[in-house]
């Protein structure tokens, strides 16, 4: 059992480069902030699994952003409704509305449009900022965390030893 | 493959398969829960479904054992259906359009019993129809007092009349007493006789004596004539007076009769009358049915019209539930999100099967440009000759909706149908044949409807007690009971006017006429009974004064006889004086040659 868990943790924590982690967090943001059962989240899931991004960051980020979505929904609704009712975009949206593919995507829902658009617009700055934060964390905070009593106890556990063993086999950190 | 995890594809594929598998396993239950939850919220009472079967090829849904609780009677279902099945157009479904060509509902039954209560917490909305505030029928005050009590309190005009006559007669008697004294009497006749005798004895006195005798005779004749004339005049006047009094005495009988009738009318007419009986008997039930109908109409309103608003030219539609709003754009071709083109319904009534169809069920009638219409009918059912229900809910123009409904029922056998109106009482139609027609129109908020019911071959019995009436021992209530129980036919008409929130139901029926006749019958019976007693009592009251009156009249009559006697005697006297002293010749026996 512990071996399976260790193996799973190793898989999840592979691809630990900052850009891989920040990309995973961004994908989690897209999926977490938009309504979870929307069709586009299948694509997000596919990207998260196929691209070499950090899966544990994706799972953790998904939980965090899903919780944040409840508070941010009114903002998404206002933004989405504003975009959907903008006169210059009426023609585009009318064409999309009469297309089966886009109707399946439910693009004309105010919360979905607002959350998805904001997530996409925030992609580049988000990834850059998170990337920088991860590097700073690893440079300063991580060393302190490694010295804490909790970390020492964890590192002494069998689970961690198995985790390290699988990491060495897989060539990871 | 620096940036790609190939095994990720496999995981994704497995995840999709697992999700699809979960969907296949759970979708039926999820649909069932969604229908129950949504239905319960719309109806305001528990909606239950035994099972839901979602099909993909072709896309469709089958529901079994649908039960919709009646919110007003949680232990009964408003309706239940054993099976509802429909297929959905696949391509339209991908565009999030649920377009159903034909929906079939089988085994639909109304008002069935439930095993457990289907009540849920009532959402704010139209207040539940009251159980029908039973206003008691206020029977008019009707108490016939004792005859002696009546005579003590009532003023009899006949007595005043008799008293007036007596006073008049006494006054006239006194006057005539005086007048008679001034009239010539027997003493004068005796005087005239003496004068005539004197004239007869003066025959041998010569010419002078003869001439003086003739003059005296003429004077005597003139005196007699004058007295006779005054007596005749007095007699005529007295006769007139007596005849006048005799006529007045005859009037006493008619005045006595008038007094009796006046008193009878006063004491045997129920005070306040009996009005609005139809409303009291049928009003509560009619109000309950109307209110229940309007409640169901309001519950089902979202089915025919979606709440919508416009922002900057685009139509914004708030979904029935869920977050955010959906912005709708111009469609080509325009299509409602939900449309059931035709629903074929098989109703199972106690009388037999009733089939019908509902066309164009959609909350987007403005998009479809066709109203919802329904048509149900049946003939030759058990205990029901024919039934027809048609109508339409036209919300194509949401600003001016027009909803109509027409119901025609012919030859419905009613058994033990209770009509409760009176406090603790009512009547039961044990047996009857009912023909009913109802026509209701709702234009905007304005409500107008006419319901006519004709009952024939009726057998009716009163249920429970009736209001007791002091003094009459329930006479009026008994008459009403008899009238109601004797009904063989009855027509009832209800007119509904006003608005959805403030409507008025005006009811009229033969019951008003029947009750009125019963009340009048009771009044007549009481009057007939009282008439004899009252007439006798009034006669008794008048008897004494009348006796005095008779005596006074007799007195005047005696005076008239006296005068007539004198007239007779004076007439004889005149005759004697006219013959002269020797049987018609001159005094002294002188006869003229001519």
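If one puts a single equal scatterer on every Cα of chain A and applies the Debye formula without solvent, what log₁₀ I(q)/I(0) results at q = 0.09, 0.21 Å⁻¹? Values returned for q = 0.09, 0.21 Å⁻¹ are -0.42, -1.40. For segment B:1-103, the Cα gyration tensor yields ellipsoid semi-axes of 37, 17, 12 Å (square root of five times each eigenvalue, largest first, whole Å).
Rg to Rh ratio, segment B:19-78, alpha-carbon atoms and Kirkwood radius? Ratio of gyration radius to Kirkwood radius: 1.08. Helix A:2-12 and the long axis of chain A differ in direction by around 50°, with both axes built from C-alpha atoms. Note on residue B:229 and residue B:250: with the Förster distance fixed at 45 Å, the Cβ-Cβ geometry gives a FRET efficiency of about 0.90.
Over all orientations, segment A:56-133 has a Cα convex hull whose mean projected area works out to 6.4 square nanometres. Here the simple spin-label model places points 7 Å from the Cα toward Cβ, and for residue B:115 and residue B:173 these points are separated by 10.3 nm. Shielding value for B:324-337 is 5, the average number of Cβ atoms from other chains within 10 Å of each residue's Cβ.
The distance between label points at residue A:122 and residue A:164 comes to 3.8 nm (points 7 Å beyond Cα on the Cα→Cβ vector). Sorted on the mean count of surrounding Cβ atoms within 10 Å across their residues, most packed first, peptides B:291-301, B:245-255 read B:291-301, B:245-255. Taking every Cα-Cα distance in segment B:71-115 and sorting them into 5 Å bins from zero, the calculated P(r) comes out as 5, 19, 16, 14, 12, 12, 11, 8, 2 percent.
Placing a label point 7 Å from the Cα of residue B:19 along the Cα-to-Cβ direction, the residues of segment A:62-92 whose backbone N falls under 19 Å of that point are A:62-67. Each of residue A:60 and residue B:9 was given a label point 7 Å from its Cα along the Cα-to-Cβ line. The distance between the two points is 3.0 nm. Summary of packing: across the peptides B:328-340, B:507-519, the per-residue average of other C-beta atoms within 10 Å ranks them, highest first, as B:507-519, B:328-340.
Where a number appears in this text, it was derived from the coordinates with a stated rule and is not lab data. Being a predicted model, the structure only gives us computed values, none of them experimental. Glycine also receives a Cβ, built like all others from the backbone with ideal geometry; neighbour counts cover every protein chain displayed.
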